[in-house]
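**Q** Before we start, here is the structure in question, set down as structure tokens.
The values are calculated or read from the model by the stated rules, or taken from the named source; none is laboratory data. Here the structure is a predicted model, which is why all the values come from computation and not from measurement. Counting neighbours? That spans all protein chains shown, and the Cβs are built from the backbone with ideal geometry, glycine included.
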Amino acid sequence: MNWVKCIIDCIRTIFGISVSVAGSYYSYKLLENSKISGGEFVTLTIAVLFLGVIIALLPKISELSIAGNVLKLQNAKDVADKTIQSLQKTQNSTLRINLLLVKNSPGGLGDLFRGVDPRVDDFWLIYNAIKEAGAFETLKSEINEISKLLCVEQLKIIGKHNTEVRDQYNNLSDQDFSLPPYIDVMRLLLNKNQENQHKELSNKTIVDASNEYRKLFEIYNKSKA
């Protein structure tokens, strides 16, 4: 936005002026205390003033000549921007491939008694990397697909230990299966007499499976288009 650019330009200009003023004052104090000679004072003062001007006008400078060497500042900035964009694309592609590897790696009920699908740990590692890279929006579709897949697997694990859940969600393999909210799953787990309810909720497998379902369901909802 234009107003944001104006603010940034103003801040840059003020900072450039501040550098020039502070540098000139420091040069003067050095001269006053006989730390530098008159010639050194002039050189240092010109240098800090020059630095202040560069800071203030950096976005508008396309070339800069120093001791006969021409620096293509604007061109270098453009190259750097393109390089960063290329690196971001490569990073996103790598993260996308890793997500697909999670999807296609062995999973299902192999880790039945732990209560968590074996792929979940890898998913969280990659998901956290995606967040740190600021790539959530770019990979939202893939995140949604895989979080749904893992939610379904968590429901299967819960269903193996709870008939209420198994009977209620017996169409997990359907392509258009709609994931139930976590609270609905918990309601089914609590839909027993007090003795059996306590037994169910003290079952570590069910507790782990339902907690993991809750976290994955949150990501599934968040990543919906």
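**Q** Here's a check for you: in the range 100-134, which residue that is among the aliphatic types (A, V, I, L, M) and buried (at least 18 other Cβ atoms within 10 Å of the Cβ) is modelled with the lowest pLDDT? Write out each step before concluding.
**A** Going through the range 100-134, the residues among the aliphatic types (A, V, I, L, M) turn out to be 100-102, 109, 112, 116, 120, 125-126, 129-130, 133.
Still in the list and also buried (at least 18 other Cβ atoms within 10 Å of the Cβ): 102, 116, 120, 126, 130.
Values: VAL102: 85, VAL116: 89, VAL120: 92, ILE126: 90, ILE130: 89.
Across the range 100-134, the extreme among qualifying residues is VAL102.
**Q** Determine if the range 168-191 includes at least one residue that is part of a helix (DSSP H, G or I), modelled with pLDDT of 90 or more and under 24 Å from the mean Cα position of the chain (by Cα).
**A** no
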